[in-house]
Amino acid sequence: MALERTLVLIKPDGMQRHLAGLAMDRLENTHMELVGAKIRTVTDELAREHYALLEGKGPFADKKFFERLINFIKGEYHGDPKRRVLALVYQGENAVQVIRKAVGATNPEDASPDTIRGAFGRVCRRHGYYENVVHASGNTEEADREIGIWFNPGEIIP
Ligand code: DAT
Ligand code: MG
C-alpha cells in the first residue's frame, strides 16, 4: 500500500449542470482525504498543458478531435464565459485507483451506474465526444504532473 495523491477536476459539463456537489459526495464516500481545492478559469494555455500528453495519441491522432477536447475543458461547449473548473486533490492509500473506481470508465456508456461517470455522464452524439463530468489522474506519475499544473505547492495541505 502506498500513500498517494490524485487530481480530480469537475469539468465544465459538471459545473454547468450543478453536479459538483453530487460528484464530491461520491468522492468523499471513498474516505480519501481532501487536501486541496480551488476553482480556476481554464485558459487555452492551462488546457493544453493539462492534456499535452494526449495530443496525437489514440483518438486524438485526429487533430480536430484533440481541439474538441481542448475546447470542451475550456467550457466552450457549455456556455460558461467564466470557464470554471473545480480542481481537487485527494490523498490516501492507493488514492489514484480508489478515486478512479469512484469516477468510472472513460466512456459514460461503459461506466457502471454506481460511478460518477456512469450516473451523470453522457455521450455527445453530434461529436462522438464523452461528456464525462470529471477528470481523475490515471496513475501516480500523471497525478504528480497534473497536481503541479493546477496547484502551487503551498495550496495543498501537507
Ligand atoms: P480518462 O479521462 O478516463 O483518463 P483519457 O485520459 O484517455 O481518459 O482521455 C481524456 C478525455 O478525453 C476523456 O475523459 C474523455 C475524452 N476521450 C477519451 N477517449 C475518447 C474517445 N474515444 N471518444 C470520445 N472522447 C474521448
Ligand atoms: Mg486520462
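Quick check on the stretch 94-111: of everything there that is open to solvent by 50 Å² or more (accessible area, probe 1.4 Å) and either among the polar types (S, T, N, Q) or assigned to a loop (DSSP other than H, G, I, E, B) (or both), which residue is nearest to ligand 1 (Cβ to nearest atom)?
Looking at residues that are open to solvent by 50 Å² or more (accessible area, probe 1.4 Å) and either among the polar types (S, T, N, Q) or assigned to a loop (DSSP other than H, G, I, E, B) (or both), I get Thr106.
If you check Glu76 against the conditions, is it open to solvent by 80 Å² or more (accessible area, probe 1.4 Å), at negative phi, part of a loop (DSSP other than H, G, I, E, B) and among the charged types (D, E, K, R)?
It is true that Glu76 is open to solvent by 80 Å² or more (accessible area, probe 1.4 Å), at negative phi, part of a loop (DSSP other than H, G, I, E, B) and among the charged types (D, E, K, R).
Please name all residue pairs, on different chains or six or more residues apart, with Cβ atoms under 8 Å, provided the first residue is in the stretch 116-142 and is within 14 Å of Ile73 (Cβ to Cβ) and the second residue is of a type in the set (S, T, N, Q) and surrounded by fewer than 16 Cβ atoms within 10 Å (Cβ to Cβ).
Tyr130/Thr106; Tyr130/Asn107; Asn132/Thr106; Asn132/Asn107
Restricting the search to the stretch 112-123, which residues are open to solvent by 40 Å² or more (accessible area, probe 1.4 Å) and in contact with a strand residue (DSSP E or B) (Cβ under 6 Å, 6 or more places away or on another chain)?
Selection gives Arg122 alone.
Being part of a helix (DSSP H, G or I), in contact with a helix residue (DSSP H, G or I) (Cβ under 7 Å, 6 or more places away or on another chain) and open to solvent by 20 Å² or more (accessible area, probe 1.4 Å) is the filter here, so list the residues in the stretch 124-158 that pass it. Spell out how you get there, then give the answer.
Within the stretch 124-158, the subset part of a helix (DSSP H, G or I) is 140-150, 153-155.
Of the ones still in play, those that are also in contact with a helix residue (DSSP H, G or I) (Cβ under 7 Å, 6 or more places away or on another chain) are 140, 143, 146, 149.
Correct list: Thr140, Ile149.
Quick check on this structure: which one of Leu19, Leu7, Leu27 is closer than 22 Å to Gly79 by Cβ and open to solvent by less than 40 Å² (accessible area, probe 1.4 Å)? Can you show your working first?
Details: Leu7 fails: closer than 22 Å to Gly79 by Cβ; Leu27 fails: closer than 22 Å to Gly79 by Cβ.
Criteria check complete, one pass: Leu19.
Taking Lys82, is it exposed (fewer than 15 other Cβ atoms within 10 Å of the Cβ), among the charged types (D, E, K, R) and without any contact (Cβ under 8 Å) to a residue 40 or more places away in the chain?
Considered against the rule, which asks whether it is exposed (fewer than 15 other Cβ atoms within 10 Å of the Cβ), among the charged types (D, E, K, R) and without any contact (Cβ under 8 Å) to a residue 40 or more places away in the chain, Lys82 comes out as no.
When you scan the stretch 117-158, how many residues do you find that are of a type in the set (S, T, N, Q), within 16 Å of ligand 2 (Cβ to nearest atom) and farther than 19 Å from Phe60 by Cβ?
Summing the residues that are of a type in the set (S, T, N, Q), within 16 Å of ligand 2 (Cβ to nearest atom) and farther than 19 Å from Phe60 by Cβ in the stretch 117-158 gives 1.
Please verify whether Gly56 is open to solvent by less than 10 Å² (accessible area, probe 1.4 Å), over 13 Å from the mean Cα position of the chain (by Cα) and not acidic (Asp, Glu), treating the condition exactly as stated.
It is false that Gly56 is open to solvent by less than 10 Å² (accessible area, probe 1.4 Å), over 13 Å from the mean Cα position of the chain (by Cα) and not acidic (Asp, Glu).
The values are calculated or read from the model by the stated rules, or taken from the named source; none is laboratory data. Only a predicted model underlies this, so the values are computations on that prediction, with no experimental measurement involved. Backbone-built Cβ (ideal geometry, glycine too); neighbour counts: all protein chains shown. Heavy atoms of the whole protein, side chains included, go into the accessibility calculation; ligands, DNA and RNA do not. Shrake-Rupley method; radii C 1.70, N 1.55, O 1.52, S 1.80 Å.
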